[in-house]
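Engineer: Handing you a structure now.
The values are calculated or read from the model by the stated rules, or taken from the named source; none is laboratory data. None of the values given here were measured: they were computed from a predicted structure. Every residue, glycine among them, receives a Cβ derived from its backbone with ideal geometry; neighbour counts consider all protein chains shown. When the accessible area is computed, the model is the full protein with side chains, heavy atoms only, and any ligands, DNA or RNA have been set aside. Shrake-Rupley method; radii C 1.70, N 1.55, O 1.52, S 1.80 Å.
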Amino acid sequence: MLGPDELFLRMVAAVAGGDDLTPMHEDGLSPETVRALLAPLVASPAVAVEWSAVNGNRVDLGVTSSDDREWRIAYTSDDGERLRSLHVFERPPVFPGVAGGRAIVVHGPSSAGKSTLMHAISAAAGTPWVVFDEASFGSYPMTYAIWPETAPTLREGFVAGIAALAASGNQVVTSSGQHAQGVWRDAFAAVGVPVLFVGLECPVDVLVARQGGRDDRWGGLAESTVGVHEGWSHDLVLDSSAHTPDEL
């Protein structure tokens with residue numbers, strides 16, 4: 001059985017040499033994924049494992065290179081010879097924050113792609129954007145999410161909390177939730193945070209087709225939210241049926 005760092009170093013060497021990776025990972029982890037994850041390390045000079053820690057089948061490694069880059073590697077292996085999973089995280093540069101904060105509110109009918117767009121923004125940015133897939137945080141009983149009017153202070157507190165996070169110099173992107181545009185505009189204005197309102201449009205037949213593949217949506221939801229833009233004024237309107245999330 002290989003040591004905790006040996007399997008990793010063997011995999012890096014195999015990627016660098018263009019070798020067949022099949023014997024070194026289980027079926028759930030593709031060679032393409034491994035090559036893509038390890039490419040930055042392969043391209044860096046003098047990569048070295050500084051420390052390792054083992055917890056059962058999980059191995060964590062601290063890796064550095066001579067050009068002052070640093071990575072955290074986490075992988076699992078059932079037999080010490082093949083990877084079952086692999087995660088690679090590179091230490092980002094220090095983010096000092098953005099003066100005044102920044103906010104994006106994404107608004108549109110159900111299944112228009114709001115969540116996908118927000119996560120695409122976060123993935124493409126070189127600095128951290130905090131994504132609120134729902135205009136809430138923490139956990140609370142589902143009944144109050146189904147009937148939000150039964151706990152109005154929750155809704156008010158969530159919006160105020162998101163605005164406060166942005167005002168601390170952070171970047172936030174959130175779905176509009178069940179709130180009117182004025183609620184968001186007033187909350188961010190109260191703390192001096194610039195906000196961009198983005199409206200997503202999508203033909204109803206596309207919405208219905210997308211909804212059909214999701215078991216986290218009840219029947220008819222997409223159709224019932226088609227008129228959601230009424231009364232809103234957007235800084236930017238995008239058609240999510242005509243472009244990929246990355247293009248948007």
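Engineer: If a residue has to be over 14 Å from residue 25 (Cβ atoms) and open to solvent by 70 Å² or more (accessible area, probe 1.4 Å) to count, how many in segment 68-95 make the cut?
Structural biologist: 10
Engineer: List the number of the failed condition for residue 193; all other conditions in (1) buried (at least 16 other Cβ atoms within 10 Å of the Cβ); (2) modelled with pLDDT under 80; (3) assigned to a loop (DSSP other than H, G, I, E, B) hold.
Structural biologist: (2)
Engineer: List the number of the failed condition for residue 54; all other conditions in (1) surrounded by 13 or more Cβ atoms within 10 Å (Cβ to Cβ); (2) in contact (Cβ under 8 Å) with a residue 24 or more places away in the chain; (3) outside any loop (DSSP other than H, G, I, E, B); (4) of a type in the set (A, V, I, L, M, F, W, C) hold.
Structural biologist: (1)
Engineer: Right, something else. State the number of residues belonging to segment 64-86 that are without any contact (Cβ under 8 Å) to a residue 24 or more places away in the chain and not hydroxyl-bearing (Ser, Thr, Tyr).
Structural biologist: Step one: list which residues in segment 64-86 are without any contact (Cβ under 8 Å) to a residue 24 or more places away in the chain, which gives 64, 66-68, 70, 72, 74, 76.
Checking the rest, the ones that are also not hydroxyl-bearing (Ser, Thr, Tyr) come to 67-68, 70, 72, 74.
Count: 5.
Engineer: Tally time: how many residues in segment 1-45 are within 17 Å of residue 74 (Cβ to Cβ), among the β-branched types (Val, Ile, Thr) and open to solvent by 40 Å² or more (accessible area, probe 1.4 Å)?
Structural biologist: Total satisfying the criteria: 1.
Engineer: I've got another one for you. Take the residues of segment 228-248 that are part of a loop (DSSP other than H, G, I, E, B) and farther than 19 Å from residue 124 by Cβ: which is most open to solvent (accessible area, probe 1.4 Å)?
Structural biologist: Filtering segment 228-248 down to residues part of a loop (DSSP other than H, G, I, E, B) leaves 228-235, 240-248.
If we keep only those that are farther than 19 Å from residue 124 by Cβ as well, we get 228-234, 241.
Numbers: 228: 47, 229: 43, 230: 160, 231: 78, 232: 43, 233: 72, 234: 45, 241: 54 Å².
Applying the filter and picking the extreme gives 230.
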